[in-house]
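The values are calculated or read from the model by the stated rules, or taken from the named source; none is laboratory data. Everything numeric in this text was worked out from a predicted model, so none of it was measured. Don't worry about glycine lacking a Cβ; one is built from the backbone with ideal geometry, like all the others, and counts go over all protein chains shown. With ligands, DNA and RNA removed, areas are computed over all heavy atoms of the protein, side chains included. Shrake-Rupley method; radii C 1.70, N 1.55, O 1.52, S 1.80 Å.
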Amino acid sequence: DTQTGLFSTSFESPDEGAALAGELISRGADVILPVAGLSPSKTEYGAAETVLASPGVSLIGLDLDWAIAIPEFEPVVVTSVVRAVEQSIAIAARALADGEFSGGVHEGNIASGEVRLSPLRGYSSKVSAELIAELAELAAAPGPICRPYQAAPLEAAPPFSASQPTLRATEKVA
């Protein structure tokens, strides 16, 4: 299969992240979701710095809540797609304890609590009620929303709301 789009050649290049974000912004992008590691030495970080310096441009974080992890980016973080690895581990551990663990591919999703969206914070007034309703509907859907992991959830994730607090592992797995 042929891939099209912009791709970094490394997860270890803030300069490349900045250049790619700059290219997208020059093409009219107003929201960027960088995917390539979040620390000052990573490609995502360079992209986020470029967004921060670009009025009218926002970003969606990945893996963890960027507004909390790196507070200087909070003004431009619409939301973050958070991988709740602790929930995936809890699901696998429960399946193992119940004698139901079979290995293989497992698909985590919003409904299982393995993927979460961080609060919209300063963007809740800028996101339409229709989109917020659609996100809430996705959170209630049983089907896979994204990969990486396919087992029965310990419990369903709570409905999405624009002001929900970020959930912690201790709140999901009792």
Legend entry - From phi via Karplus (6.51, -1.76, 1.60), per-residue ³J(HN,Hα) for region 120-135 in Hz, x at Gly/Pro: 6, 6, x, 9, 4, 7, 9, 9, 5, 4, 5, 5, 4, 5, 5, 5
Legend entry - For V115, residues with placed amide H under 5 Å, excluding near neighbours: A84, N109, I110
Legend entry - Residues with amide H under 5 Å from that of G61, placed H, sequence gap 5 or more: W66, V78, T79, S80, V81
Inset, instruction - Pop out the ³J(HN,Hα) list for region 61-73 in order, Karplus 6.51 cos²θ - 1.76 cosθ + 1.60 with θ = phi - 60°, rounded to Hz; leave Gly and Pro as x. - result: x, 9, 5, 9, 6, 5, 5, 8, 5, 9, x, 5, 8
Inset, instruction - Kindly report, to the nearest 10 Å², the accessible surface of S54 as traced by a 1.4 Å probe over protein heavy atoms only. - result: 20 Å²
Inset, instruction - Could you compute the FRET efficiency for S26 and A92, with r as their C-beta to C-beta distance and R0 at 35 Å, rounded to 0.05? - result: 0.20
Legend entry - Accessible surface, region 96-135, averaged per residue in Å² (probe 1.4 Å): 55 Å²
Legend entry - R0 of 41 Å, Cβ-Cβ distance Y123-T9: FRET efficiency to nearest 0.05: 0.85
